[in-house]
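K.L.:
Please find one structure pasted underneath; my questions will follow.
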Amino acid sequence: MTNVDEKLEPILTEVLRRNEGEVEFHQAVREVLESLGRVVAKHPRYAENALIERICEPERQIIFRVPWIDDAGQVQINRGFRVQFNSALGPYKGGIRFHPSVNVGIIKFLGFEQTFKNALTGMPIGGGKGGSDFNPRGRSDREIMRFCQSFMTELHRHLGEYTDVPAGDIGVGGREIGYMFGQYKRLTNRYEAGVLTGKALFYGGSRARKEATGYGATYFVQRMLGTKGEDFEGKRVSVSGSGNVAIYTMEKVLEFGGKIVACSDSNGYIVDEAGIDLKLVKEIKEVRRARIAEYARLKGGAGVHYVEGGSVWDVPCDVAMPSATQNELTGRDARTLVKNGVIAVGEGANMPCTPEAVRVFQEAGVQFAPGKAANAGGVATSALEMQQNASRDSWTFEQTETRLATIMRDIHDRCAETAEEYGAPGDYVLGANIAGFVRVAEAMDALGVI
């Protein structure tokens, strides 16, 4: 069953045929096309010159072998990817993900989403994504360095501050960015600071970059709640994940007066009815690099427990912030959240809610902030890092966060106003898809058939 306008059905059919088996990419394209029927009806020129078809086709897909040597002296082989999806608005911009699940379909889905997300920021950046099926978990620093150097040895020829600017993602943090930047510098003999973002402060990074995705998602949801006369004050909040996005979502929610009652990792979730001790979570995850189960053992006391496996969405909350990975929140989870009284959901991760889950929330009148809008704070701050690198400048944390807050408020308002304009007030999914699409489409149209 599809809600794609009949004029756009042939485009979706062709995308499915040409990209067989790439289910996440199919899901992302379908979601956008479901929103575009109203645009094509109002502005038929967007269907001319195969503009929509071109938006659904990456400009370039790069797949390469990554050989490296582990600590035992054994040669290992992984596969590397970079999908340069769309450069109509600026150089390709999007993270690099190291995770065993990575394949070309997942990278294409992420690059497609990134194109519209980056457009929503209003900044001059196109969309791309990259990664490898390498698993950094359990690997030594030297193994990770050798892998990153081999990965960059091939990838560097496709990058540049005016061409393609990667950042981090799942499995790629400051350590990995440092190793990749070092290899890029070594191979090119250039100190091109703007070629990678997410760098450490002492060699060209931006303050607030680590916090930006989580903070940005929280700013977006706070403004969305405000349209209903609500805010985070006194609200019970559940956050999936306990990585970078989740931790700094929790930090900003606490600043706004909310109470975090649950968070998770890939093994299970913790509940703390008195409110999650974020300092302890940071110690476990950022210092010890341990599992979230440690929280229950270290914190102890009534109202604190760990559930292995299961779903963090079984915990009653007012606001849900899925911040782990794609398709983590299912239709069943959504129905449980609605039954337990959730009033708002903000996607901190990329497409963490399944299509069925989104439908459940929308039909129940739950406010829903899609990832391509709500989690744009990370890439927006990456663009601010590029700006600082270009001007050989470094801003204070307060300057950067002020810019971030303004960008997120503008994204919210742009999505809300677009949804209103196209006859669907409060539908942030439709608003984000149309607002992002129109900006990319206008640029592509102006540049001709290329």
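The values are calculated or read from the model by the stated rules, or taken from the named source; none is laboratory data. No experiment lies behind these values; they were computed from the predicted model shown. Heads up, the Cβs are rebuilt from the backbone with ideal geometry, glycines too, and the neighbour counts pull from every protein chain shown. Only protein heavy atoms, including side chains, enter the accessible area calculation; ligands, DNA and RNA are left aside. Shrake-Rupley method; radii C 1.70, N 1.55, O 1.52, S 1.80 Å.
K.L.:
Looking at (1) under 15 Å from S238 (Cβ atoms); (2) modelled with pLDDT under 95, which is the one condition that is false for G300?
P.N.:
The one condition G300 does not meet is (1).
K.L.:
Evaluate the range 139-153: report whether one residue or more is closer than 27 Å to F112 by Cα, of a type in the set (D, E) and in contact (Cβ under 8 Å) with a residue 12 or more places away in the chain.
P.N.:
For the range 139-153, residues closer than 27 Å to F112 by Cα, of a type in the set (D, E) and in contact (Cβ under 8 Å) with a residue 12 or more places away in the chain: absent.
K.L.:
Can you spot a residue in the range 195-209 that is in a helix (DSSP H, G or I), under 25 Å from L89 (Cα atoms) and touching a residue at least 24 places away in the same chain (Cβ under 8 Å)?
P.N.:
Within the range 195-209, one or more residues are in a helix (DSSP H, G or I), under 25 Å from L89 (Cα atoms) and touching a residue at least 24 places away in the same chain (Cβ under 8 Å).
K.L.:
Just checking: which of the helices (runs of 4 or more DSSP H) contained wholly in the range 369-445 hold 2 or more residues that are surrounded by fewer than 20 Cβ atoms within 10 Å (Cβ to Cβ)?
P.N.:
In the range 369-445, 377-390, 397-421 are the helices (runs of 4 or more DSSP H) which contain 2 or more residues that are surrounded by fewer than 20 Cβ atoms within 10 Å (Cβ to Cβ).
K.L.:
Those residues that are outside any strand (DSSP E or B) and of a type in the set (S, T, Y), I need them from the range 263-279; list them, please. Walk me through it before giving the result.
P.N.:
Restricting attention to the range 263-279, the residues satisfying the condition of being outside any strand (DSSP E or B) are 266-267, 273-279.
Listed by number, the list holds a single entry, S266.
K.L.:
If a residue has to be part of a loop (DSSP other than H, G, I, E, B) and surrounded by 18 or more Cβ atoms within 10 Å (Cβ to Cβ) to count, how many in the range 161-187 make the cut?
P.N.:
So the first thing to find is which residues in the range 161-187 are part of a loop (DSSP other than H, G, I, E, B), and the list is 161-163, 168, 170-171, 173.
Adding the requirement that they be surrounded by 18 or more Cβ atoms within 10 Å (Cβ to Cβ) leaves 168, 170-171.
Selection size over the range 161-187: 3.
K.L.:
I would also like to ask the following. Under 9 Å by Cβ, and 6 or more places apart or on different chains, what pairs join a residue from the range 11-24 that is under 19 Å from M351 (Cα atoms) and open to solvent by 80 Å² or more (accessible area, probe 1.4 Å) with one that is modelled with pLDDT of 95 or more and assigned to a helix (DSSP H, G or I)?
P.N.:
What qualifies is V23/G105; V23/F109.
K.L.:
Okay, next question. What is the residue count in the range 1-10 for residues that are part of a helix (DSSP H, G or I) and either farther than 24 Å from T354 by Cβ or open to solvent by 80 Å² or more (accessible area, probe 1.4 Å) (or both)? Quick ask: steps written out before the conclusion?
P.N.:
So in the range 1-10, the residues part of a helix (DSSP H, G or I) come out as 9-10.
Narrowing further to those that are either farther than 24 Å from T354 by Cβ or open to solvent by 80 Å² or more (accessible area, probe 1.4 Å) (or both): 10.
So the answer is 1.
K.L.:
Looking at (1) open to solvent by 20 Å² or more (accessible area, probe 1.4 Å); (2) touching a residue at least 12 places away in the same chain (Cβ under 8 Å); (3) closer than 30 Å to R175 by Cβ, which is the only condition E347 fails?
P.N.:
(1)
K.L.:
Right, something else. For the structure I just gave you, tell me whether S87 is buried (at least 19 other Cβ atoms within 10 Å of the Cβ), in contact with a helix residue (DSSP H, G or I) (Cβ under 9 Å, 6 or more places away or on another chain) and modelled with pLDDT of 95 or more.
P.N.:
Criteria not met by S87.
K.L.:
When the residues of the range 239-256 are filtered to those that are at pLDDT 95 or above and of a type in the set (G, A, S), which remaining residue is nearest to I292 (Cα to Cα)? Quick ask: steps written out before the conclusion?
P.N.:
Residues of the range 239-256 at pLDDT 95 or above: 239-242, 245-256.
Now restrict to residues that are of a type in the set (G, A, S): 240-242, 246.
On the way: S240: 11, G241: 9, S242: 8, A246: 12 Å.
Only one residue fits best here, namely S242.
K.L.:
Is it true that some residue in the range 284-305 is touching a residue at least 60 places away in the same chain (Cβ under 8 Å), touching a strand residue (DSSP E or B) at 6+ places or on another chain (Cβ under 9 Å) and open to solvent by 30 Å² or more (accessible area, probe 1.4 Å)?
P.N.:
no
K.L.:
Restricting to the range 350-368, name every residue that is open to solvent by 50 Å² or more (accessible area, probe 1.4 Å) and in a helix (DSSP H, G or I).
P.N.:
Result: P355, E356, R359, Q362, E363.
K.L.:
Is one or more of the residues making up the range 21-40 touching a helix residue (DSSP H, G or I) at 6+ places or on another chain (Cβ under 9 Å) and assigned to a strand (DSSP E or B)?
P.N.:
no
K.L.:
Also: Pull up the range 257-276, narrow it to residues that are open to solvent by 40 Å² or more (accessible area, probe 1.4 Å) and under 26 Å from D169 (Cβ atoms), then point me to the one that is modelled with the highest pLDDT.
P.N.:
Out of the qualifying residues, it is N267.
K.L.:
Taking the conditions exactly as written (within 16 Å of the chain's Cα centre (by Cα) and not in a loop (DSSP other than H, G, I, E, B)), does F64 satisfy them or not?
P.N.:
No: the conditions fail for F64.
K.L.:
Can you name every residue in the range 354-400 that is under 18 Å from G243 (Cβ atoms) and in contact with a strand residue (DSSP E or B) (Cβ under 8 Å, 6 or more places away or on another chain)?
P.N.:
Passing the criteria: A374, G378, V379, S382.
K.L.:
When the range 94-150 is examined, which residues are found to be charged (D, E, K, R), assigned to a helix (DSSP H, G or I) and open to solvent by 40 Å² or more (accessible area, probe 1.4 Å)?
P.N.:
Residues of the range 94-150 charged (D, E, K, R): 97, 108, 113, 117, 129, 133, 137, 139, 141-143, 146.
Those left that are additionally assigned to a helix (DSSP H, G or I): 108, 113, 117, 141-143, 146.
Passing the criteria: D141, R142, R146.
K.L.:
Counting only residues that are assigned to a helix (DSSP H, G or I) and open to solvent by 20 Å² or more (accessible area, probe 1.4 Å), which one in the range 241-256 is farthest from S323 (Cα to Cα)?
P.N.:
Our first condition is that a residue be assigned to a helix (DSSP H, G or I); within the range 241-256, this holds for 244-255.
With the extra rule that they be open to solvent by 20 Å² or more (accessible area, probe 1.4 Å), the set shrinks to 244-245, 251, 254-255.
Numbers: N244: 9, V245: 6, E251: 13, L254: 16, E255: 18 Å.
Restricting to residues being assigned to a helix (DSSP H, G or I) and open to solvent by 20 Å² or more (accessible area, probe 1.4 Å), the top hit is E255.
K.L.:
State whether one or more residues within the range 262-272 are out of contact with any strand residue (DSSP E or B) (no Cβ under 6 Å at 6 or more places or on another chain) and of a type in the set (S, T, Y).
P.N.:
yes
K.L.:
Continuing with this model, one more query. When you go through I69, I55, I62, I77 one by one, which is the residue that is in contact (Cβ under 8 Å) with a residue 60 or more places away in the chain, open to solvent by 80 Å² or more (accessible area, probe 1.4 Å) and over 22 Å from N327 (Cα atoms)? Spell out how you get there, then give the answer.
P.N.:
Numbers: I55 fails: open to solvent by 80 Å² or more (accessible area, probe 1.4 Å); I62 fails: open to solvent by 80 Å² or more (accessible area, probe 1.4 Å); I77 fails: in contact (Cβ under 8 Å) with a residue 60 or more places away in the chain.
After applying the criteria, what remains is I69.
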